[in-house]
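Heads up: the structure comes next, in structure tokens.
FYI, it's all coordinate maths here, none of it is from the lab. Just so you know, these numbers come straight off a predicted model, no measurement behind them. Every residue, glycine among them, receives a Cβ derived from its backbone with ideal geometry; neighbour counts consider all protein chains shown.
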Ligand SMILES: [Mg+2]
Ligand SMILES: [Zn+2]
Ligand SMILES: [Zn+2]
Ligand SMILES: [Zn+2]
């Protein structure tokens, strides 16, 4: 394909597919349920990259985004994969 | 998951058009006569004021539901139009439908296979949760492709281009299509063909876009008012409906008697005009309908749209009771937490008090004193109203005070006037940040203005050139408690906007403290007493004895107001940024060192106590709490005013005087710069100038000229400021940060410098020149807006013109910026108003969806941050140093 790997770009934070067995623990620590998470499109370039690495990602899986921040050190955010 | 207490949730809302059938079914009566009232003033049956449509006069009963004025909210009626007319609100839709369907058979201009494909793509989008915007984009695309075919794929009829003559006339190849014809075409479109064009045939038919029946709103929506003269004045909507009914009647009569086509068409157009303006009286392309007086009518769209429309006027914003508005004036004798309320306002505004077993006797005393009591000429709160348990309000007067006091019972509510110490909200528009509305304690003052401490001017952005402010009286215990804890002025000394103080010393406060501390002057006993007479003193400053006289040093006086364990170091505003900072040894007295609450060196000015920059204020508010910070600001501002009153302070145009030699030097500098720019222009014209990377030759010249002119002004300024020393009052204000800047002084004393339009030298006006007295293509300094004169010298006409260009740009910029940022702010507020930070630091909306996992990603409260950062290492180090010294 020769397309750009956005994940290698310095401005793109680290994306990680959350393994299904970790999901429950994370949701509990956040005090929320899947449907209340912010969404990320399956067609998002970052998710497409993740698919390239780990094979197809079904709707309803979670992605963890790890950002570096001058004030917080590292901040973690979660997204629910949705199709459009 | 359902939230607690919510048993049902709205799943979706479908919007559709009303069918003529639906309109008729909804109507309580048909309207046929344009007359409203008969000779006796009673509503005429089947007229616009028919009592089937509801009632607006007390005593009458609604003929539909039998309700009285306050029970019946009104019912709709309808007008059968003699001929159909186009609905202005739907012309776009109609145009789309006409263009994408066949003029002969009414089928969509695509094959059945294409149609089915599009229908399935729409279904797909819906399935994937596409919102209305996505849907609109898709259906627009589909209709657009359909419009491209020039021959119907179903009946092979050639398609002519359909044009819209604004606002409501359709033409097919210049032949006018009557609304009737349009309607026939709409009727021909089969249900299934509607889906690709974004219409749902289950709920809507396209022929409904052309009106056959007009819905008439209830009279309660358009009440008539009776003037003092006894005449009735009808609502604008009623006027418009009368017009429609009249023309409708004439059109029907002419049609029925078989009048010439021309006359019928004219009347039809007139009916179209009236119906169009009934919906929107600002439709472009037609003159707005006017009242007899010449005023344009406010019809349906005008009721909703814009600043005075229903949304912004009545739904987003509301008027309130228990509020007051008047001019503000300054009062240094008030604390920053206080607001001065004039007696007349205090008597009018009330606080409700519930009568209980505990307070009944106290309240009885108050009631007994009547509505306007005084105690030896001093204000005492009175009682205006007593609200009984049955909800009846009794107005208290001098005469009924005694009887009412006797009948006072537990459970009554007594509305008393304002009292000193009441917590109220004080507000100045535009309310751009949360400090625009803060809680203050009431202080009753004489006069007619609200008064406030000068240190709270910055958060409100107030001055006293006629500014007015609003006051709101809190009406419940909860609101008072909440306001006291969260909204009190002292809780807003640190701003969440930039993590520093926004309340602090301004203008004369700063000058005053400069006089007190710069070079540590000595004060005599008389002077110290005079200064301290403004204040309540807790401790006395140390004294020194010189020539047998006891004297006090300024820095020691200032230290009296510092907390005992305050330690900090920073440079003053007057610091000249020497190459090597000597720190505490600074010979300009510009490095502040405070050790254990003692000011050892440095000048107190803007960077110590000023609003926005005051580091001492910042540190006290952070480390010693808001009470200490409030006290500190209250005291040092009064201290400063004491000092400046003692010293006296003024500035005049003489402060911008510079010696003749300096004037000469400045002139030389400017002439030299002008000369250089001339040479630059010359080399540009000769083609000798070298291009800068990424710039054209012309841009290079402009950049270099701008740089050169900027340098010239700076140099001129330097010469001027060399002669304007610290002994100069204007300079004192500029350097300490009290008011104005050195640039302002330079422009007054030396030269205004280069004027710029959009950051560039002025270049437009005439052909290749800015003004007609220059040669074409002239690029020198003078021809491109360089002003050699100073404000004090005065500008020559050419300079004045360029200066006005720059000035105009400034004005336009501010006007554009405020309107645009206002709109942006409104949209942000509407989007964010119901988000909340929860105990786990997550930000969620009312549906409990997570917006941020941790507030701001770091959970830092910007108000408690240090200039946006979570911790301040420098500060920790000074504290550690103090600890090592043996401090606390
Ligand atoms: Mg003003
Ligand atoms: Zn009714
Ligand atoms: Zn056809
Ligand atoms: Zn220095």
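Let me see the P(r) profile for region B:86-208: every Cα-Cα distance counted, bins of 5 Å, each bin given as a percent of all pairs.
2, 11, 22, 24, 21, 12, 6, 2, 0
Using only Cα atoms, tell me the angle between helix B:112-127 and the longest principal axis of chain B; keep it within 0 to 90° and round to the nearest 10.
40 degrees
Roughly what would the spin-label model give for residue B:551 and residue B:400, points 7 Å off Cα along C-beta, in nm?
Each label point lies 7 Å from its Cα, and together they span 7.2 nm.
Rg and Dmax of region B:653-811, using alpha carbons, in Å: what are they?
Radius of gyration, then largest Cα-Cα span, for region B:653-811: 16.7, 51 Å.
In the P(r) worked out for region B:630-674, what percent of Cα pairs fall beyond 13 Å?
For region B:630-674, the share of Cα pairs beyond 13 Å comes to 72 percent.
What nm distance separates the two modelled labels at residue A:24 and residue A:8, each placed 7 Å from Cα along Cα→Cβ?
Output for this residue pair reads 3.9 nm.
With all distinct Cα pairs included, what does the Kirkwood hydrodynamic radius of region B:729-783 come out to in Å, to one decimal, could you say?
For region B:729-783, inverting the mean 1/r across all distinct Cα pairs yields 13.6 Å.
How many angstrom lie between the Cα centre of region B:139-177 and the Cα centre of region B:80-109?
Region B:139-177 and region B:80-109 have Cα centres separated by 10 Å.
Looking at the protein assembly as shown, I'd like the Rg to Rh ratio, where Rg is from alpha-carbon atoms and Rh is Kirkwood's inverse mean 1/r.
My calculation of the ratio gives 1.03.
Decide, for chain B, between rounded, prolate and oblate: order the square roots of the alpha carbon gyration tensor eigenvalues as a ≥ b ≥ c, take rounded if a/c falls under 1.5, and otherwise choose prolate if a/b is larger than b/c, else oblate.
oblate
So how far, in whole Å, is the C-alpha centre of region B:716-730 from the one of region B:770-814?
Taking the Cα centre of region B:770-814 as reference, the centre of region B:716-730 is 26 Å away.
Over the C-alpha atoms of region A:11-82, what are the Rg and the largest Cα-to-Cα span, Dmax, in Å?
Final numbers for Rg and Dmax: 12.2, 35 Å.
Quantify how much of the Cα-Cα distance distribution of region B:197-240 extends past 16 Å, in percent.
Cα-Cα pairs of region B:197-240 separated by over 16 Å account for 60 percent.
What do you get for the angle between helix B:91-100 and the principal long axis of chain B? Use alpha-carbon atoms, 0 to 90 degrees, nearest ten.
In chain B, helix B:91-100 runs at an angle near 60 degrees to the longest axis.
According to the Cα gyration tensor, what semi-axes, each the square root of 5 times an eigenvalue, does the equivalent ellipsoid of region B:483-615 have, listed from largest to smallest in whole Å?
Three semi-axes, in Å: 27, 21, 13.
According to the square roots a ≥ b ≥ c of the eigenvalues of the Cα gyration tensor, what is the shape class of region B:834-888, taking rounded for a/c under 1.5, prolate for a/b larger than b/c otherwise, and oblate for the remainder?
Prolate, because a/c is 1.5 or more and a/b exceeds b/c.
Give the whole-number value, in cubic angstrom per residue, of the convex hull volume spanned by the C-alpha atoms of region B:376-532.
Roughly 204 Å³ of hull volume per residue.
What area, in nm² and to one decimal, does the C-alpha convex hull of region B:341-438 cast on average over all directions?
Across all orientations, region B:341-438 yields a mean hull projection of 7.9 nm².
To the nearest 0.05, how large is the calculated FRET efficiency for residue B:228 and residue B:319 if R₀ is 30 Å and r is the Cβ-Cβ distance?
Working from the Cβ atoms, E equals 0.75.
Tell me, B:412, B:801, B:374 in order of fewest to most beta-carbon neighbours within 10 Å?
If I rank by nearby Cβ atoms, fewest first, I get B:374, B:801, B:412.
Enter the angle in degrees (range 0 to 90, nearest 10) between the Cα long axis of helix B:132-147 and the first principal axis of the Cα atoms of chain B, meaning the one along which they spread out most.
Computed tilt is about 50 degrees.
Calculate the FRET efficiency for residue B:760 and residue B:823 from the Cβ-Cβ distance with a Förster distance of 25 Å, rounded to the nearest 0.05.
Computed FRET efficiency for residue B:760 and residue B:823 comes out at 0.35.
What's the whole-number percent of alpha carbon pairs in region B:249-311 lying beyond 14 angstrom?
When every Cα pair of region B:249-311 is considered, 64 percent fall beyond 14 Å.
Got a sec? Which residues in region B:542-586 would a label at residue B:530 touch, if it sits 7 Å along Cα→Cβ and we count backbone N under 18 Å?
It comes to B:550-555, B:557-558, nothing else.
By count of other Cβ within 10 Å, fewest leading, how are B:357, B:645, B:51, B:101 ordered?
B:357, B:645, B:51, B:101
Can you show me the helix-derived [θ] at 222 nm for the protein assembly as shown, built from DSSP H runs with n ≥ 4 at -39,500 (n - 2.57) apiece and divided by the number of residues, rounded to the nearest 500.
-11000 deg cm²/dmol
Could you give log10 I(q)/I(0) at q = 0.17 Å⁻¹ for region B:569-669, computed by the Debye formula over C-alpha point scatterers of equal weight, without solvent?
The Debye formula, applied to the Cα set alone, gives -0.93.
Take the alpha carbon atoms of region B:642-682, find their center, do the same for region B:322-401, and report the distance between the two centers in whole angstrom.
That distance is 59 Å.
What is the order of B:586, B:578, fewest Cβ neighbours within 10 Å to most?
B:578, B:586
Taking the Cβ-Cβ separation of residue B:813 and residue B:295 as r and a Förster radius of 45 Å, what is the calculated FRET efficiency to the nearest 0.05?
Here the calculated transfer efficiency is 0.80.
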